[in-house]
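Visitor: Questions regarding the structure given below will be posed in turn.
The values are calculated or read from the model by the stated rules, or taken from the named source; none is laboratory data. As the structure is a prediction and not an experimental result, all values here were calculated from the model. No Cβ is skipped: glycine too gets one built from the backbone with ideal geometry, and neighbour counts run over all protein chains shown. SASA here: full protein model, heavy atoms, side chains in, ligands and nucleic acids out. Shrake-Rupley method; radii C 1.70, N 1.55, O 1.52, S 1.80 Å.
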Amino acid sequence: MIEVRKSNEREHTKIDWLDSRHSFSFGEYYDPGNIHFGPLRVMNDDIIQPGEGFPTHPHRDMEIVTIILEGTVAHKDSTGGEGTITVNEIQRMTAGKGILHSEFNASNTEILKLLQIWLIPNKQGLMPSYEQMKFSHEEKKNKLLKVVSGKKEDGIIFINQDAEIFLSDLDARIKLNYEVKDKRGVYIQLVDGTLIVNGNKVEKGDALRITNEKNLELIAEKNAKIVLFDITLEF
């Protein structure tokens, strides 16, 4: 089964410094039928104005993955992690038994665009930790590049959950095939472009929730930037 969720169906939060769209219940937005997809709990598109951001605040028992689409974020947390993350870089933070952190747009002139992703971990009370890696456009071009995994692999960010995240920058008319294993679901967030998945057409900002499908055919109608989650449904 493939369910298309259009970008304009997502909850929209807009204040003077933040423009955010929420794919799942988040903050004051609550939809009892849209809490999570497997362990995927948060999928936010955030646009943050120059010099603005989230001051120090706590998190607990969550795997937090940040993907930078445009600009640079300045990060600081209570584990001692501190620095900047920019385009083609991914940050993972294990909140575990408790962490404090802040995130700000590092520029005073340019906007910051990012994806903020939360996954519920497979264990509670883990030791908080922080990691970031860079994956070039060429590594993602016209293929699905695994960047996050629940298995410890060289050159891939590790999370405490049975989930994988793939990135792809597809040129127009390129086709990819993806096999889905039993008891797993796939969630695709289209960051940009136009994509057709098993005949279902989606545009920038749209998403697909996929269950009980064995094979997926992804065709880029226009250049497409994709985030694909392969997630356990035994959750």
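Visitor: Looking only at residues that are open to solvent by 40 Å² or more (accessible area, probe 1.4 Å) and modelled with pLDDT under 95 in the range 66-81, which one is nearest to SER23 (Cα to Cα)?
Guide: LYS76
Visitor: Turning to a different aspect of this structure: Evaluate the range 136-146: report whether one residue or more is assigned to a loop (DSSP other than H, G, I, E, B), farther than 23 Å from ASP192 by Cα and open to solvent by 30 Å² or more (accessible area, probe 1.4 Å).
Guide: For the range 136-146, residues assigned to a loop (DSSP other than H, G, I, E, B), farther than 23 Å from ASP192 by Cα and open to solvent by 30 Å² or more (accessible area, probe 1.4 Å): absent.
Visitor: Ok, one more. So which of LEU228, LEU233 ends up being touching a Phe, Trp or Tyr at 6+ places or on another chain (Cβ under 9 Å) and closer than 21 Å to LYS141 by Cα?
Guide: When all the criteria are applied, what remains is LEU228.
Visitor: Something else: Run ILE90 past the list (1) buried (at least 19 other Cβ atoms within 10 Å of the Cβ); (2) in contact with a Leu (Cβ under 8 Å, 6 or more places away or on another chain) and report the number of the one that doesn't hold.
Guide: Just one mismatch for ILE90, condition (2).
Visitor: Follow-up question, since we're still on this one. With respect to PRO58, is the statement that it is at negative phi and either part of a strand (DSSP E or B) or in contact (Cβ under 8 Å) with a residue 12 or more places away in the chain (or both) true?
Guide: yes
Visitor: Here is a follow-up. Being of a type in the set (Gly, Ala, Ser) and without any contact (Cβ under 8 Å) to a residue 24 or more places away in the chain is the filter; apply it to the range 147-157 and report the residue that is least open to solvent (accessible area, probe 1.4 Å).
Guide: Step by step, filter the range 147-157, then rank; the result is SER149.
Visitor: Which of the numbered conditions does THR84 fail, given that it passes all the others? Conditions: (1) open to solvent by 20 Å² or more (accessible area, probe 1.4 Å); (2) touching a residue at least 24 places away in the same chain (Cβ under 8 Å).
Guide: (2)
Visitor: ASP162: in contact with a Lys or Arg (Cβ under 6 Å, 6 or more places away or on another chain) and either closer than 23 Å to ASP61 by Cβ or buried (at least 18 other Cβ atoms within 10 Å of the Cβ) (or both), yes or no?
Guide: No; evaluated as a whole, the condition is false for this residue.
Visitor: Quick check: anything in the range 211-233 among the aliphatic types (A, V, I, L, M), without any contact (Cβ under 8 Å) to a residue 24 or more places away in the chain and part of a loop (DSSP other than H, G, I, E, B)?
Guide: Among the residues of the range 211-233, not one is among the aliphatic types (A, V, I, L, M), without any contact (Cβ under 8 Å) to a residue 24 or more places away in the chain and part of a loop (DSSP other than H, G, I, E, B), which makes the answer no.
Visitor: For the range 17-40, which positions are modelled with pLDDT of 90 or more, assigned to a strand (DSSP E or B) and buried (at least 18 other Cβ atoms within 10 Å of the Cβ)?
Guide: Hits for the range 17-40 are SER20, ARG21, HIS22, PHE37, LEU40.
Visitor: Name the one entry in LYS201, LYS225, LYS181 that is closer than 17 Å to PRO39 by Cα and either touching an Asp or Glu at 6+ places or on another chain (Cβ under 7 Å) or surrounded by fewer than 20 Cβ atoms within 10 Å (Cβ to Cβ) (or both).
Guide: LYS181
Visitor: Another one. Could you figure out which of (1) of a type in the set (D, E, K, R); (2) buried (at least 19 other Cβ atoms within 10 Å of the Cβ); (3) in a loop (DSSP other than H, G, I, E, B) isn't true of GLU110?
Guide: Failed condition: (2).
Visitor: I'd like to check something: does the range 168-175 contain any residue that is within 15 Å of the chain's Cα centre (by Cα) and within 24 Å of GLY83 (Cβ to Cβ)?
Guide: Looking for residues that are within 15 Å of the chain's Cα centre (by Cα) and within 24 Å of GLY83 (Cβ to Cβ), one finds none in the range 168-175, hence no.
Visitor: Only residues that are open to solvent by less than 40 Å² (accessible area, probe 1.4 Å) and either modelled with pLDDT under 95 or over 18 Å from the mean Cα position of the chain (by Cα) (or both): list them for the range 113-128, please.
Guide: Selection gives LEU126, PRO128.
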